Amino acid sequence: MSDETDQLNAPDRPPMTELERIRHSCAHVLATAILRLWPEAQFAAGPPVENGFYYDLELPHRISPEDFAKIEAEMKKEIKANHKFERRVVSRGEALALAEAGELAALGPRPAASKFKLDIVDNIPTGEEISLYRNGDFLDLCAGPHVMRTGNIGAFRLTNVASAYYKGDERNPQLQRIYGTAFKNKTQLDEYFAMLEEAKKRDHRKLGKELELFTFDDDVGPGLPLWLPRGAAIIEELEKLAKETEFAAGYKRVRTTNLARESLYLKSGHLPYYAESMFPPMELVAEGAESKRPMNRPEVFREMLEKPLTRQALDEILAKAEEMRADLPIDRYYLKAMNCPHHHKLYAALPRSYRELPLRLAEYGFCHRYEQSGELFGLMRVRSLQMNDAHIYCTPEQFESEFNAVNQMYLRYFKLFGIEKYVMRFSTHDPAKLGQKFVDEPELWKQTEEMVRGVLQRSGINYVEVPNEAAFYGPKIDVQVWSAIGREFTIATNQVDFAQPRRFDLTYKDRDNTAKTPLCIHRAPLGTHERFIGFLIEHYAGNFPLWLAPEQVRVVPIGDEAVLLEYARSIQDELRSHQVRTELDASSDHIKAKISAAEEMKVHTMLVIGNRDMEANAVSVRVHGQGNLGAKPRTEAIADIVAAIRERRS
């Protein structure tokens, strides 16, 4: 790969897929083309990424989309030339000499050194192999792999240009980042861009605003979603689904606090390792010293009453209070960033016997995580989230059946939501990083990874194994799903934990009356409300099934005569008595305008009522996306609606 991660972390990377090799090779062709047009360009990183590739470069000319046509024309020439990708292993000295001569990421020697490649070579660990790749005149520092020839690249397109700091560090030079994508053939390329166009229409941020599901507010803060009534209705349905499913599976519901003392997260190990992902601590006067708090002292309180509370006066009082507070004992509290330490405390609250295991504790717990502002993205990356969390405490003998039951729960949810494509990413540890990135328990790592692998293989679950991406306390599974238009999402994670039960001294009395430590399975099949609803909005394009629809039924009378409105209200009341989310359009608008308004809000079912319907004690049923389904007796239409919701029909 044409960046520093290639040479520095080559042993850690999983093998490239055929598509990744095509895209990696296309990045080299992009660099070749840019050098044909602007020979002075200096290149840094050029890897394949999730949906294509990019190359970072420094160039006085600011590349814009208007330049893409001539760059792509040069790329097509290089592809047509069908140059071979030739690999060559060199010594560190040879690589440095080539970089000094300006020959790396270049079409030949240049007056200026290849400065970014010099830096990359300098940072390659001693003893690690250094390799170059050539296609035609272009030579680059690269670990590979590539396709055989440039002619094997297929179809490509440049997509956009952005700015990026070298190595992602704002202290380094800001570079231009040129993005593109490539596929095996033009058909796949066209399908991809058609999917992107459809994805724009389904964007959860766009539909969330149009359908009045959620909002963000500057005074509340970035990354902190507020759920409007229509969005809250979806949350209620998902929680109801989870609670019913988990009750049937033997889970017990618990509730925990939204903040805790620093000592809890030190014990769990989340501090200091996850401190940057947690909100800063609240420093409070320690228990027992409250009477000495500055604001509780008469002289401070008196000063607040005597002075006009201007901004300046308030600042002076607060500054004085801060000085008085400096010598008081302090407790630090953190907003909860994860539920597991709290659930471990609930397990530890009572003596446990093997007869109680497996113990399954479930909670839709509120968590707060300080995501970097540049990473916030609609509902997909937020700072406040509600998680479909549970922790299963079990014996090693119970592990397989429990872990398999969790996977089967996922599959039932996939079927319910019409998710046809999924994969479980089974992440394992790197033995070389025990004690650094991973808990130093080699035998337990080996044992639990073999247990997880065995369950996945025996259950026939679709999975891939990914090295060096486990959680610090055990192997994990990231659940990847694809929406109806083929867009990939990560919705949830399962983790096996053998470390935290020990840190919290969790035990149970076994049959032989000895104390043993349980295994813990962390699971969240529906992920967080925020991410999962964001996915569902895009998956359904806002056209939710009846049971999940924010507004399930709208009663639409043709006219506003008192007797007709009375009949319409009686239907609304009957539906609401069955807990059906029903609204009545009692406006004086024309019937076409009423239907259009309901369609815009993607109301699932309209019951249109005219005088004939009223006289026949009937309704005309209209379903979003299907149109007019004709007249039905009132009792039959209502019974159908109630049954469809109860059965959660698609």
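The values are calculated or read from the model by the stated rules, or taken from the named source; none is laboratory data. These numbers come from a predicted model, not from an experiment. For neighbour counting, all protein chains shown are included, and Cβ atoms are generated from backbone atoms with ideal geometry for every residue, glycine included.
Details
- Some residue of the stretch 413-424 being touching a Lys or Arg at 6+ places or on another chain (Cβ under 6 Å) and either under 30 Å from residue 240 (Cα atoms) or surrounded by fewer than 16 Cβ atoms within 10 Å (Cβ to Cβ) (or both): no
- Considering 369, 383, 360, the condition of being touching a His at 6+ places or on another chain (Cβ under 7 Å), modelled with pLDDT of 95 or more, buried (at least 16 other Cβ atoms within 10 Å of the Cβ) and not aliphatic (A, V, I, L, M) is satisfied by 383 alone.
- For residue 460, the conditions (1) small (Gly, Ala, Ser); (2) closer than 30 Å to residue 195 by Cβ; (3) touching an Asp or Glu at 6+ places or on another chain (Cβ under 7 Å) all hold with the exception of (3).
- Positions within the stretch 145-176 being farther than 22 Å from residue 38 by Cα, part of a loop (DSSP other than H, G, I, E, B) and touching a helix residue (DSSP H, G or I) at 6+ places or on another chain (Cβ under 8 Å), in sequence order: 145, 146, 147, 153, 154, 172
- Residue match in the stretch 481-488 (condition: touching a strand residue (DSSP E or B) at 6+ places or on another chain (Cβ under 7 Å) and of a type in the set (Ser, Thr, Tyr)): yes
- Residue pairs whose Cβ atoms lie under 6 Å apart, separated by 6 or more positions or on different chains, with the first residue in the stretch 334-345 and under 18 Å from residue 520 (Cα atoms) and the second part of a helix (DSSP H, G or I) and among the hydrophobic types (A, V, I, L, M, F, W, C), are 341/264.
- Number of positions in the stretch 446-470 that are without any contact (Cβ under 8 Å) to a residue 40 or more places away in the chain and crowded, with 18+ Cβ neighbours inside 10 Å: 1
- Subset tally (residues that are touching a Leu at 6+ places or on another chain (Cβ under 8 Å) and β-branched (Val, Ile, Thr)) for the stretch 592-634: 5
- Meets criteria (at pLDDT 70 or above, surrounded by fewer than 16 Cβ atoms within 10 Å (Cβ to Cβ) and not β-branched (Val, Ile, Thr)) for residue 329: yes
- Within the stretch 31-44, being in a loop (DSSP other than H, G, I, E, B) and under 34 Å from the mean Cα position of the chain (by Cα) holds for one residue alone: 44.
- Only one of the numbered conditions (1) more than 17 Å from residue 379 (Cα to Cα); (2) crowded, with 23+ Cβ neighbours inside 10 Å; (3) out of contact with any Phe, Trp or Tyr (no Cβ under 8 Å at 6 or more places or on another chain) is violated by residue 557, and that is (3).
- Unmet criterion (only one of (1) under 30 Å from residue 500 (Cβ atoms); (2) at pLDDT below 95) for residue 235: (2)
Conditions tested, residue by residue: (1) surrounded by 13 or more Cβ atoms within 10 Å (Cβ to Cβ); (2) of a type in the set (Lys, Arg); (3) in a helix (DSSP H, G or I).
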residue	(1), (2), (3)
182	yes, no, no
196	yes, no, yes
206	yes, yes, yes
219	no, no, no
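- Any hit, the stretch 634-644, residues being at pLDDT below 95, not hydroxyl-bearing (Ser, Thr, Tyr) and not assigned by TED's automatic domain parsing to the domain that holds residue 232: no
- Listed by position, the helices (runs of 4 or more DSSP H) contained in the stretch 306-420 that have at least 3 residues being in contact with a strand residue (DSSP E or B) (Cβ under 7 Å, 6 or more places away or on another chain) are 340-348, 399-416.
Residues are listed down the side, and each one gets a yes or a no for (1) in the same structural domain as residue 483 (by TED's automatic domain parsing); (2) crowded, with 17+ Cβ neighbours inside 10 Å; (3) at pLDDT below 95:
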{"site": "545", "(1), (2), (3)": "no, yes, no"}
{"site": "567", "(1), (2), (3)": "no, yes, no"}
{"site": "581", "(1), (2), (3)": "no, yes, no"}
{"site": "588", "(1), (2), (3)": "no, no, yes"}
{"site": "616", "(1), (2), (3)": "no, no, no"}
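Listed here are the residues, each with its yes/no results for (1) more than 24 Å from residue 626 (Cβ to Cβ); (2) of a type in the set (A, V, I, L, M); (3) touching a Lys or Arg at 6+ places or on another chain (Cβ under 9 Å).
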| residue | (1), (2), (3) |
| --- | --- |
| 479 | yes, yes, yes |
| 485 | no, yes, yes |
| 493 | yes, no, yes |
| 499 | yes, yes, no |
| 515 | yes, yes, yes |
| 534 | yes, no, yes |
| 552 | no, no, yes |
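The rows are residues; the columns are (1) buried (at least 19 other Cβ atoms within 10 Å of the Cβ); (2) touching a Phe, Trp or Tyr at 6+ places or on another chain (Cβ under 8 Å).
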site	(1), (2)
24	yes, yes
28	yes, yes
95	yes, no
99	yes, no
123	no, no
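- Residues of the stretch 223-267 that are under 17 Å from residue 367 (Cβ atoms) and part of a loop (DSSP other than H, G, I, E, B): 223, 224, 225, 254, 255, 256, 257, 258.
- In this structure, residue 287 does satisfy being at pLDDT below 95, in a loop (DSSP other than H, G, I, E, B), closer than 21 Å to residue 342 by Cα and among the acidic types (Asp, Glu).
- Residue list for the stretch 45-81, filter: modelled with pLDDT of 95 or more, assigned to a loop (DSSP other than H, G, I, E, B) and either small (Gly, Ala, Ser) or surrounded by 19 or more Cβ atoms within 10 Å (Cβ to Cβ) (or both): 63, 64
- Single condition residue 202 does not satisfy, out of (1) under 27 Å from residue 544 (Cα atoms); (2) under 23 Å from the mean Cα position of the chain (by Cα); (3) exposed (fewer than 13 other Cβ atoms within 10 Å of the Cβ): (3)
- There is at least one residue in the stretch 100-108 that is in the same structural domain as residue 39 (by TED's automatic domain parsing), assigned to a strand (DSSP E or B), over 33 Å from the mean Cα position of the chain (by Cα) and in contact (Cβ under 8 Å) with a residue 40 or more places away in the chain.
- Residue satisfying condition, being over 25 Å from the mean Cα position of the chain (by Cα), modelled with pLDDT of 95 or more and of a type in the set (D, E, K, R), within set 230, 157, 177: 157
- Residue tally, condition in contact with a Pro (Cβ under 7 Å, 6 or more places away or on another chain) and under 17 Å from residue 234 (Cβ atoms), over the stretch 506-533: 1
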